[in-house]
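*Asks:* I'd like to ask some things about the structure below.
Every number here is computed from the coordinates shown, using simple stated rules; none is lab data. These numbers were taken from a predicted model, which means no experiment stands behind them. Quick reminder, even Gly has a Cβ in these numbers, built from the backbone with ideal geometry, and neighbours come from all protein chains shown.
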């Protein structure tokens, strides 16, 4: 069992003395303060309307809660930033909290980016696609959607209704006949001139109108055209309009509880249970419902609802565009100031509303009921997870429940594009922010040597953690290491740790049983000749299978990504001074890297952006 070194208990009086010293010269201006521990790590980030008064409040010992007294006692240094307004201080505080993740602040655990539907605008025949991440030029975005499932279903229905292409520009340019999307009536095949530029532009306009809330007009138009085609005995075309109307109706039927009067809004409900919180957010844009997402912020057990919702609003909308209206079931602390800060950030008016009656209140109550169920399921799941961890610790003879488990797996094809992967699991499930992948350099190891790969991965991982957390005070060390494999992987892992002087980490290996059947796994322990076997259906066995399969999934995904990237690599990538822009220019001019390799210096220097010296360098590289 990994032992965390005990620190000398800090002194509350010492912390107060330090804070008094730092507060002495502070102005009565708005700003942000940071409390730092002995390692320079942020303990807490806060904002103040008047810095001096706010910081001095921490020096009154009798007014401090147990949590604040502990924080003050650990403080050895403070840093300050003065701002022009309190709203600016609030935005800076949020930015620093997300960046530094102080352990005494309320923190958002899920900071994922949400998917959008994008329609390109830099092509005569725009493409519709799913987009996640930073927004790009020449694209119109619609969203955000709560998850990939929501955006994928909407995309599929949009293609049925408006028949826009989803192929890449390269595929579009090289088509000589319609693809399957045309055959199943999800595209009008503009790539082979089956649709004119004007007709396709009309399709795009209708899709954009639908995504901006004009669905009723479009359905009415489709219904009129269906009737016209039917009157003219064009029943096949009438059936196509019927199917398109059904697709639009299908999008609208997934609206959950309908939000009458909501155009650009989020409905947010908070529920607390047993010191845990669930925040459920429902997204509405242009009158369309784009799904909901649950968040489980990290906070102290006695944190108040108004503080939790305040932290959520600031941290969530710091990286996601705020809508015009945000409806809440809990009034946040400093409601008007938060609205001012969000408006400043979004560059538009943002209103925070806590409805007390009417339809909006009914919607909030429905959202709150769903948040209560989510929170109940979450708390129940955590209790189950802890029980499984306790049983696993007892099974393996650990002194305490393993709070952090690291699982390692490797993936490759005959030794090529080899990748090692580490996933982390604990008492709150998988901790994806700590997942790591390790690219194994081609030629550094014997191809296909799984044992050498395992040694390499563990050597790199624990060399790094010895540097980043030498005294094991930052919770970066695992309480249990699980290796995917048998005796060989276990021996390789133990030898790697021994080389680094690490002898106190519990390490086990999990191998599939006869014919690699799930349910017959063997658990290999150091110093034990015979592996452990658990009966099929055992809860601990299912838990081990689940975390092992997650490591396997992550390793395979990392391997596929590396293999895909390698497939697009050319010899030009190995030439110093050839970046993406020059590579693109060369390939566009010559058509292929092979053609570049046979070109003369004069031919190469004729490419835009390639000097004579660079052309000679490229020429000599291929010779």
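*Asks:* Take the Cβ-Cβ distance between residue 564 and residue 622 as r, set R0 to 22 Å, and report the resulting FRET efficiency rounded to the nearest 0.05. All intermediate terms of the calculation are to be shown ahead of the outcome.
*Replies:* Working: r = 25 Å, r/R0 = 1.16.
Efficiency computed from Cβ-Cβ geometry: 0.30.
*Asks:* If you count the DSSP beta bridges with both ends in the stretch 224-341, what percent of them are antiparallel, to the nearest 5?
*Replies:* Within the stretch 224-341, antiparallel bridges account for around 80 percent of the total.
*Asks:* Still on this structure, I have one more. Rounded to the nearest Å, what's the spacing between the alpha carbon centres of the stretch 104-145 and the stretch 333-407? Just the number, please.
*Replies:* Value for the Cα centre distance between the two parts: 24 Å.
*Asks:* In nm, what is the difference between 0.36 nm times the number of residues separating residue 365 and residue 236 and their Cα-Cα distance? Don't jump to the answer; show the numbers that get you there.
*Replies:* On the way: separation 129, 0.36 × 129 = 46.44 nm, distance 4.65 nm.
Full extension from residue 365 to residue 236 adds 41.8 nm.
*Asks:* What shape does the stretch 116-253 have by the C-alpha gyration tensor, where a ≥ b ≥ c are the square roots of the eigenvalues, rounded means a/c under 1.5, and otherwise prolate means a/b greater than b/c and oblate the rest? Don't jump to the answer; show the numbers that get you there.
*Replies:* Details: a/c = 1.89, a/b = 1.23, b/c = 1.54.
Oblate, since a/c reaches 1.5 and b/c is not below a/b.
*Asks:* Go ahead and estimate [θ] at 222 nm for the chain from helices alone: -39,500 (n - 2.57) per DSSP H run with n ≥ 4, summed, over the residue count, rounded to 500.
*Replies:* Values: 20 runs with 275 residues, N = 623.
Calculated at 222 nm, the ellipticity per residue is -14000 deg cm²/dmol.
*Asks:* Once you sort the root eigenvalues of the Cα gyration tensor of the stretch 571-621 as a ≥ b ≥ c, which label holds: rounded (a/c under 1.5), prolate (a/b larger than b/c) or oblate (the other case)?
*Replies:* Numbers: a/c = 1.14, a/b = 1.06, b/c = 1.08.
Cα axes put the stretch 571-621 in the rounded bin.
*Asks:* Within a 10 angstrom radius of the beta carbon, how do 494, 12 rank from fewest other beta carbons to most?
*Replies:* Values: 494 21, 12 17.
Arranged by neighbour count, lowest to highest, 494, 12 become 12, 494.
*Asks:* Estimate the FRET efficiency between residue 416 and residue 387 by the formula 1/(1 + (r/R0)^6), using the beta-carbon distance for r and 30 Å for R0, to the nearest 0.05.
*Replies:* That gives a FRET efficiency of 0.10.
*Asks:* Using only alpha carbon pairs under 8 Å that are at least six residues apart, calculate the relative contact order of the chain and give it in whole percent. Numbers along the way, then the final one.
*Replies:* Numbers: 1027 pairs, mean separation 56.9, N = 623.
Worked out over the chain, it gives 9 percent.
*Asks:* Stretched out fully, how many nm does the piece from residue 576 to residue 504 gain, at 0.36 nm a residue minus the Cα gap?
*Replies:* Stretched fully, the residue 576-residue 504 segment lengthens by 21.4 nm.
*Asks:* Given R₀ = 45 Å, FRET efficiency for residue 24-residue 134 by Cβ-Cβ distance, to 0.05?
*Replies:* Values: r = 44 Å, r/R0 = 0.97.
Rounded to the nearest 0.05, the efficiency is 0.55.
*Asks:* Mind sorting 274, 93 by how few other Cβ atoms lie within 10 Å of their own Cβ, fewest first? Mind dumping the intermediate values first?
*Replies:* Numbers: 274 12, 93 25.
By the 10 Å Cβ count, ascending, the order reads 274, 93.
*Asks:* Order of 179, 187 from fewest to most other C-beta atoms within 10 Å? Can you show the working numbers first?
*Replies:* Details: 179 17, 187 25.
Sorted ascending by nearby Cβ count, the order is 179, 187.
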